[in-house]
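In what follows, a structure is listed as structure tokens, so that the remarks can point back to it.
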Amino acid sequence: MTEKPILPGSVVGCLGGGQLGRMFALAARRMGYRVHTFDPMPDSPTGQISDREYNASFDDIETLLDFASGVDVVTYEFENIPVRALDALSPHAILRPGRNVLYVAQNRRREKEFLQTNGFPVVPFRIVASEDELRQAVLDLGCPCVLKTADFGYDGKGQQKIGYDSDLTVIWRRHGAPTGVVEAWVPFAAELSVVVARGVLMNEDEQNFMQVFPPTVNEHENHILATSVAPAPLADSIILRAQTIASDIAVKLDVIGLLAVEFFLTSRGHLLVNELAPRPHNSGHYSFDACATSQFEQQLRAVCGLPLGDPRLLSPVVMRNLLGDLWANGEPDWSSLLELPGLRLHLYGKSEARPGRKMGHYCVLNPSLDRAREIDAEAQKILGR
Ligand code: AMP
């Protein structure tokens, strides 16, 4: 037993200053930690509740090392951090999850090849580096399929759906990157995700070294997550299988921290991994209000080498994202919204509301998931949806 836990009073560093970091910082502050944030933009959602905010580009290695020298452990809330920055940081800081986890998860090609090589179920795919290879991939996979960028893609950005009548010359030109990933289009019955937490093994008989959150069933609008519900209205066998696959991936990747795994469930009941994220996940926001331990507290416990908490679901819940579109006619009517029973509002402190930008979310808790859905529908009416 060589590792020592990083105890309350220590400083945790967060790369990225978005809403995921903000909720992590809230959990950390509550438990008596100090928080330093690194984000290119000042007054970031995480920075607003941090002790210190460093504003510089992720290419600014000098500032990055300065940030690292002032913290006891570094974690992150988004994965698009340049590898160069991670390589510079790793010798000088405890980075959790580690550099290699991020290296795999930040690139769709590496992620898919890792999953395939290790026998995890993935959506059929091809890597392409030219228009000719794209043509061959479309022939192999059939239509519809989708061409995605390998790097820096999220919320459907950098994706082009391909049908029988698509002009592949135009699609390849528009793609504009040297390589891409073509995926078969999955006519899924549902999308679900699972967040796993994996800590630091302090002694061999430790019980709480890994914990898996209850899966959520997710619905997207325009490629952006709209709602997540828990408990997932799915067969127990599917839930268990999703949790097992997610845990096995976390072990294989040697994650210390969180790993979110997104799945497609096919109409035949098969699970296919869509994406990995080694950080808190939007679909796990429900845990802040509805679980005995939230994904954010769990991230803190895991990266600090503390025993993990109980991720048990305490109440059925519907989580809904609030996008910037809702601000088109000014500030939404929060007072009416907050009259609804069991509704918990989270706003991220972003000053500019752009269409598609995640500004906040709410969770509706109710002993009945059906009733929670009804209250969510009432909330949508109040918001003019
Ligand atoms: P991604 O950014 O790859 O997670 O894609 C965002 C969303 O687009 C997913 O959550 C799905 O709703 C949809 N999508 C992406 N890829 C596929 C696919 N191969 N088959 C069906 N739907 C997809």
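The values are calculated or read from the model by the stated rules, or taken from the named source; none is laboratory data. This structure is a prediction, so every number in the text was calculated from the model and none was measured. We place every Cβ from the backbone using ideal geometry, glycine too, and count neighbours over all the protein chains shown. Quick note on the areas: whole protein, heavy atoms, side chains included, nothing else; ligands and nucleic acids left out. Shrake-Rupley method; radii C 1.70, N 1.55, O 1.52, S 1.80 Å.
The HN-Hα couplings worked out from phi for the range 69-82 by the Karplus form 6.51 cos²θ - 1.76 cosθ + 1.60 (θ = phi - 60°) are 6, x, 10, 8, 7, 10, 10, 8, 10, 8, 9, 8, 9, x Hz, whole numbers, x standing for Gly and Pro.
Relative contact order for the range 1-130: what percent, with Cα pairs under 8 Å and sequence separation of 6 or more? The partial results should precede the final answer.
Details: 202 pairs, mean separation 27.2, N = 130.
Rounded, it is 21 percent for the range 1-130.
Which lysines, if any, have their Cα less than 24 Å from the Cα of K112, not counting same-chain residues under 8 positions apart? Partners found: K148, K157, K161, K252.
If you take the Cα centroid of the range 47-71 and the Cα centroid of the range 248-315, the two points sit 26 Å apart. When the charge dipole of the chain is built from unit charges on Cβ atoms (+1 for Lys and Arg, -1 for Asp and Glu) and taken about the Cα centre, the candidate among I81, G16, P311 whose Cα reaches farthest toward its positive end is P311. Taking θ as phi - 60° and the Karplus parameters 6.51, -1.76 and 1.60, the scalar couplings of the range 361-373 work out to 7, 10, 10, 10, 9, 7, x, 10, 5, 4, 5, 4, 5 Hz in sequence order, x denoting glycine and proline.
Under 5 Å from the amide H of C304 lies no amide H of any residue 5 or more positions distant or on a separate chain, with H modelled from the backbone and absent for Pro and chain starts. Determine the sum of side-chain charges near A246: Lys and Arg each +1, Asp and Glu each -1, restricted to other residues whose C-beta is under 15 angstrom from that of A246. That works out to -2.
Under the criterion of Cα pairs below 8 Å and six or more residues apart, the relative contact order for the chain equals 14 percent. When nucleic acids and ligands are ignored and a 1.4 Å probe is applied, Y54 ends up with an accessible area of around 20 Å².
Would you tally the net charge around N274, using a Cβ to Cβ cut-off of less than 11 Å, leaving N274 out, and scoring K and R as +1, D and E as -1? Net charge in that neighbourhood comes out at -2. Between Q19, Q159, Q298, which gets the highest mean-square fluctuation from a Gaussian network model of the chain, Cα cutoff 10 Å? Ranking Q19, Q159, Q298 by mean-square fluctuation puts Q159 first. For A189, the amide hydrogen comes within under 5 Å of the amide hydrogens of L265, T266, S267, counting only partners 5 or more places away or on other chains and with H modelled in the peptide plane.
Close amide-amide hydrogen proximity is noted between L323 and M359, each under 5 Å apart and 5 or more residues distant or on a separate chain (H modeled in the peptide plane; Pro and chain starts excluded).
Dividing the helix sum by the residues of the chain, where each DSSP H run of 4 or more adds -39500 (n - 2.57), gives a mean residue ellipticity at 222 nm of -8500 deg cm²/dmol. Report the per residue volume, in Å³, of the convex hull enclosing the C-alpha atoms of the chain. That works out to 151 Å³ per residue. Backbone geometry of the range 245-258 corresponds, through the Karplus equation with coefficients 6.51, -1.76 and 1.60 at θ = phi - 60°, to 3J(HN,Hα) couplings of 4, 4, 5, 5, 5, 4, 5, 4, 7, 6, 6, 10, x, 10 Hz, x marking Gly and Pro. Out of G330, G70, G360, any idea which swings most in a Gaussian network model of the chain, alpha carbons joined below 10 Å? Ranking G330, G70, G360 by mean-square fluctuation puts G330 first. Plainly put, the range 300-370 has a radius of gyration that is 1.09 times its Kirkwood radius, both from alpha-carbon atoms, as the Rg/Rh ratio.
Over all other residues within a Cβ to Cβ distance under 12 Å of E133, the charged ones net out to -1, with Lys and Arg as +1 and Asp and Glu as -1. Taking only alpha carbon atoms, the range 194-266 gives an Rg to Rh ratio of 1.03, where Rh is the Kirkwood radius. Normalised by 2.2 N^0.38 Å, where N counts its residues, the alpha-carbon radius of gyration of the range 188-382 equals 1.05. Shape index of the range 11-95: Rg/Rh, with Rg the Cα radius of gyration and Rh the Kirkwood radius from the inverse mean 1/r over Cα pairs, equals 0.93.
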